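One structure is given here, and the rest of the page talks about it.
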Amino acid sequence: MSPTMARMSCRGISPTLFLINGYKSTLRVYPLITSFDPLRVYLNRDGIAKFSTKKFSTDLEAHSSANLNMHITNQAINSIMQGYGVSEDPSETLSGFRWSIYLGWRKYLIEHGQDPESIWTKIKDVVVKAMIAVEPAVVNASAHLGYERLRGAFQLLGTDVDLDSTLHPWLIESNVNPTLHSKVPFERVHKLEMISSLFNIIGFTKFDRKTVRHAIRERIRGYIEERRPGLNASSLLHDLTPDALESLVDLEWEEHFRGSFERVFPVVDTVDKYLPLLESDRPLNRLAVEWLHVRNAGRFHHDAHNALQEPQL
């Protein structure tokens, strides 16, 4: 990845923060980028709600270095503070100063009359727009280094998001080297699942990669051929180049092996909103969008799933 990805930060000033039990919280979420050309972005379904250990105050006296644990949610600062603790029981979701987003944070919001799905949708929007913002720099740097089509390359990010009192998410920062180990029980479970899904997506699976990719490739060819009479004359699905076909194979492979990750770009329901934001009109992005529309109009998902059989041991 480009040095541009080393530390991305976009800060905004909101009049009030969304507090939980009087404490500031930051959501650590985990985007995964498997390609920048075409752009493919995923978001893990779980993450960490990190809490400060001192109740938040807007008093001017509170804004000093003596009150870092009021404003900063990093574990390194808060874990040494009196009263800090985390649940030792992975099933205990609403205790301590670190919660599972999927199990604890969502539960809290529902219990307090909020809709976690709508907030999560806004967070996905922030993640996609952040990746669109750096896409030109990463693609150009990759081309300069001769890595335009380096399959198997990926970037897992640790992205921090704060919510204001209207439950609008603000991107704080995104780090390329998130911590993947933890002494917190629920984090160990969550991160193990995430790492397992990541390895599957990039091709380290119990399935024979070459055999499965061949099966997906042939099904894509057959699927397009069956629908060729109904394709627009200018369709990019006519006369696919080998590189274009492999980009569709990558997309389908990742869809079947994504595990705990959700693809947030490209997605049929939202892609028309995001494509105009991209600085360059890249053919492989347009191809992916057209393929998803054609794919979703039929039953390709179910047909292709039959090709992914357990290996004979």
- Message: At 1.4 Å probe radius, can you tell me the per residue accessible area of segment 108-207 in Å²?
- Response: 49 Å²
- Query: What is the extension gain from HIS71 to ALA153, computed as 0.36 nm multiplied by their sequence separation minus the C-alpha to C-alpha distance, in nm to one decimal?
  - Reply: 25.9 nm
- Query: Hey, got the dipole for segment 129-207? About the Cα centre, +1 on K and R Cβ, -1 on D and E Cβ, debye to the nearest 20?
  - Reply: 460 debye
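When the chain is fully extended, how far beyond the present Cα-Cα distance does ASP269 get from ALA133, taking 0.36 nm per residue of separation?
Net length gain for the segment: 46.9 nm.
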- Item | Rounded to whole Å, sorted largest first: equivalent-ellipsoid semi-axes of segment 165-261, Cα gyration tensor | 36, 20, 11
- Segment GLU279-ASP208, extension gain: residue separation times 0.36 nm, minus the distance between their alpha carbons: 21.8 nm
- Note on the structure: Expected field for LYS24, accessible surface area in Å² at 1.4 Å probe radius, rounded to 10, holds 30 Å²
- Query: From the cross-link list LYS124/LYS273; LYS55/LYS183; LYS50/LYS124, which pairs have alpha carbons spaced over 21 Å apart?
  - Reply: LYS55/LYS183
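The values are calculated or read from the model by the stated rules, or taken from the named source; none is laboratory data. Computed from a prediction, not measured in an experiment: that's the story for all the values here. Cβ coordinates were reconstructed from backbone atoms using ideal geometry, including for glycine residues, and neighbour counts include every protein chain displayed. These area figures cover heavy atoms from the full protein model, side chains too; ligands, DNA and RNA do not enter into them. Shrake-Rupley method; radii C 1.70, N 1.55, O 1.52, S 1.80 Å.
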